[in-house]
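Colleague: Sharing a structure with you now.
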Amino acid sequence: MSDKFEKKILCIGAGYVGGPTMAVIAQKCPQYKVHIVDINADRINAWNSDELPIYEPGLDEVVKEARGRNLFFSTDVEAGIEEADIIFVSVNTPTKTYGVGAGKASDLQYWEKTARSIVKASKANKIIVEKSTLPVRTAEAMERVLNANDKGLKFEVLSNPEFLAEGTAIKDLHNPDRVLIGSMETEEGRKARQTMVDIYANWVPKERIITSNVWSAELSKLVANAFLAQRISSINAISALCEKTHADVQEVAFAIGTDSRIGSKFLNASVGFGGSCFKKDVLNLVYIAESNGLPEVANYWEAVITMNEYQEDRFVKQMISAMFNTIAGKKIALFGFAFKKDTSDTRESPAIHVARQLADENAQVTVSDPKALKNAKNDLADLKNISYEQDPYESAKGAHAVAIVTEWDLYKTLDYQKIYDSMEKPAMIFDGRNILDHQKLFGIGFNVYRIGKPAMTHFDQI
Ligand code: NAD
Ligand code: UGA
């Protein structure tokens, strides 16, 4: 091992967060060695190849710049732990599916396993950084597991939650709104916190590096996601009302968003929010509130999830009803499967729910997506009446309906006349993201169904 590096940083977990965050630290800090380890050898092989395991705009360039210079990927967790001064833990923390708290609490088994591996392989004191999103007060448990060692070693646990969004991860990491670092309010805690501030200060302006106590940092991450998800559920709730009253949800969103106290971002009504974290983190917050004897708080936040499920269901129900209450045997083309544009990630994508419900009604569903077809095939592996077609034109041929499920830019510029000509009539289009030119589509001959706006049809609905 070379000693030319100022610091040796390890990250355990080479996923959507560990990979991009550490690649950017390595890019911005060539003086540090950054090593990312994972138990999943396929993932590590992909990180070491030309085909990275995740699609994220700008990621290839960052990895290419740093890999082999000061950025390394391997499965050697033990060796990685032994040489590191600072260890980020970025393993998955999914919703628990068994036992106490099933369906809401975080499953911390991967988390605790890493803590125990760290104790086992360590020969010197280290700073341990929670990068994963965790229930508030996890750092306490982490400290107890780590510091109950008989080697006389001391571990300082920090919370440094990640706020990047997929699809814009590199942009978010290069230019974050803020970096949050929480520590114990002890002399050693504050010293460790300063070490982390110094790392980020290599490229993040000092005023954007926020420090707090460790519990505030842990809780702030869950609260940030809950507030973001709540905004989407709020505007989606209003979209249902708009459809009944002939108000236009985009006009309402614009009108309220110009109030600087409300702000204009995250007010796009949609088929529902997806992604690996919103649902998981809101449910975790609900569970924490329940466990702390606060049922009113828990119910308040749980409604964010209920509203999201309602929105997904509403979308499918509208499709079935618009298609004369029977879709059995009808070809339906889904445009988009990723949970948002510019990512290959399909975790908790509303498209999964939509595809499954349509398949349950015996429709012939064709899925199209520029980056997410591989994941889509895994998500729907148990279904028979699903096919996959990269080319949206092919996928729409002979279809009774097209549904926009992901807001990929490419769907805005397709030749919809050509698509209309190739479809069964009456041709329907369901824009689950409100991204298309609805007047134009209506002019072509489509019956157009939108979120939070009245439908535009060429016939009276039954
Ligand atoms: P992920 O599933 O993509 O990656 C986690 C990785 O950890 C996997 O590759 C897994 O093999 C590895 N792992 C699990 N146990 C391990 C062990 N004992 N040793 C070594 N590797 C191990 O998950 P992700 O999306 O990167 O999320 C990680 C954490 O970051 C979660 O807590 C999540 O809530 C949080 N987060 C995610 C995002 C996001 O956009 N995905 C954003 C902010 C925060
Ligand atoms: C979200 C947060 O934005 C990140 O700050 C956070 O770090 C991350 O979760 C996490 O903890 O995992 P992400 O899920 O990657 O990021 O993507 P978002 O841009 O937040 O979108 C989430 C979902 O909401 C997508 O399905 C998106 O299409 C939907 N959405 C978003 C809407 O329906 N309307 C909007 O106005 C915005």
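Colleague: Report, by chain and number, residues whose modeled amide H sits under 5 Å from the one on ILE128, excluding near sequence neighbours (fewer than 5 apart, same chain).
Modeller: Close amide H contacts, sequence-distant or interchain: ILE87, GLU156, VAL157, LEU158.
Colleague: Largest first and to the nearest Å, give the Cα extent of the chain along each principal axis.
Modeller: Ordered largest first, the chain gives principal extents of 77, 49, 43 Å.
Colleague: Run through the DSSP bridge list for segment 7-204 and note the antiparallel percent, rounded to the nearest 5.
Modeller: So the antiparallel bridges in segment 7-204 amount to around 10 percent.
Colleague: If you don't mind, there's one more thing I want to ask. Could you state the angle between the C-alpha long axis of helix 350-360 and the longest principal axis of the C-alpha atoms of the chain, as a value from 0 to 90 degrees rounded to the nearest 10?
Modeller: Between helix and principal axis, roughly 50 degrees.
Colleague: Specify the angular offset, from 0 to 90 degrees and rounded to the nearest 10, of the alpha carbon long axis of helix 187-200 from the longest principal axis of the alpha carbons in the chain.
Modeller: Between the helix axis and the principal axis of the chain, the angle is about 50 degrees.
Colleague: Taking 22 Å as the cut-off for C-alpha to C-alpha distance, list the pairs among LYS280/LYS340; LYS131/LYS171; LYS341/LYS384; LYS64/LYS377 that go past it.
Modeller: Distance filter (> 22 Å) returns LYS341/LYS384; LYS64/LYS377.
Colleague: Also: With θ set to phi - 60°, apply the Karplus curve 6.51 cos²θ - 1.76 cosθ + 1.60 along segment 139-150 and write out the HN-Hα couplings as whole Hz, x wherever there is a Gly or Pro.
Modeller: 4, 5, 4, 4, 4, 5, 5, 5, 8, 8, 9, 9
Colleague: With just the Cα atoms defining each centre, how far is segment 264-307 from segment 230-259? Give it in Å.
Modeller: The distance from the Cα centre of segment 264-307 to that of segment 230-259 comes to 19 Å.
Colleague: For segment 399-462, which chymotrypsin sites (Phe, Trp or Tyr not before Pro) are both in a DSSP coil and crowded by at most 14 other Cβ atoms within 10 Å?
Modeller: PHE459
Colleague: Which value in nm describes the separation of the simple spin-label points at MET456 and GLU185, placed 7 Å from the Cα toward the beta carbon?
Modeller: 5.8
Colleague: Now for a separate question. In nm, to one decimal, how far is the modelled label at LYS7 from the one at ALA41, with both set 7 Å along Cα→Cβ?
Modeller: 3.3
Colleague: Provide the per-residue ³J(HN,Hα) series for segment 243-252, in order, calculated from phi with Karplus coefficients 6.51, -1.76, 1.60 and θ = phi - 60°, each as a whole number of Hz, with x at glycine and proline positions.
Modeller: Each residue of segment 243-252 in turn: 4, 7, 10, 6, 6, 10, 4, 6, 5, 5 Hz.
Colleague: What share of the DSSP beta bridges in the chain is antiparallel, in percent to the nearest 5?
Modeller: Counting DSSP beta bridges with both partners in the chain, the antiparallel share is about 5 percent.
Colleague: Rank-order 354-361, 17-24 by packing density, defined as the average count of other C-beta atoms within 10 Å over each peptide's residues, highest first.
Modeller: For the peptides 354-361, 17-24, the packing ranking is 17-24, 354-361.
Colleague: Further, regarding this structure: In sequence order, what are the phi-derived ³J(HN,Hα) couplings for segment 261-275 according to the Karplus relation 6.51 cos²θ - 1.76 cosθ + 1.60 with θ = phi - 60°, rounded to whole Hz, with x for glycine and proline?
Modeller: Values, residue by residue: 6, 8, x, 9, 7, 6, 10, 8, 5, 8, 5, x, 8, x, x Hz.
Colleague: Round to the nearest 10 and give me the degree value, 0 to 90, for the angle of helix 295-322's Cα axis relative to the longest principal axis of the chain.
Modeller: 40
Colleague: If you don't mind, there's one more thing I want to ask. List the residues whose amide H sits under 5 Å from the amide H of SER344, counting only those 5 or more places along or on another chain, with H placed 1.01 Å from N in the peptide plane.
Modeller: When sequence neighbours closer than 5 places are left aside, the close amide H contacts are TYR55.
Colleague: Here is a follow-up. Highest mean first, how do 4-12, 261-269 rank when packing is the count of other Cβ atoms within 10 Å averaged over residues?
Modeller: 4-12, 261-269
Any read-out appearing in this document is the output of simple, stated calculations on the displayed coordinates, not a laboratory observation. All values reported here derive from a predicted model rather than from experimental measurement. Heads up, the Cβs are rebuilt from the backbone with ideal geometry, glycines too, and the neighbour counts pull from every protein chain shown.
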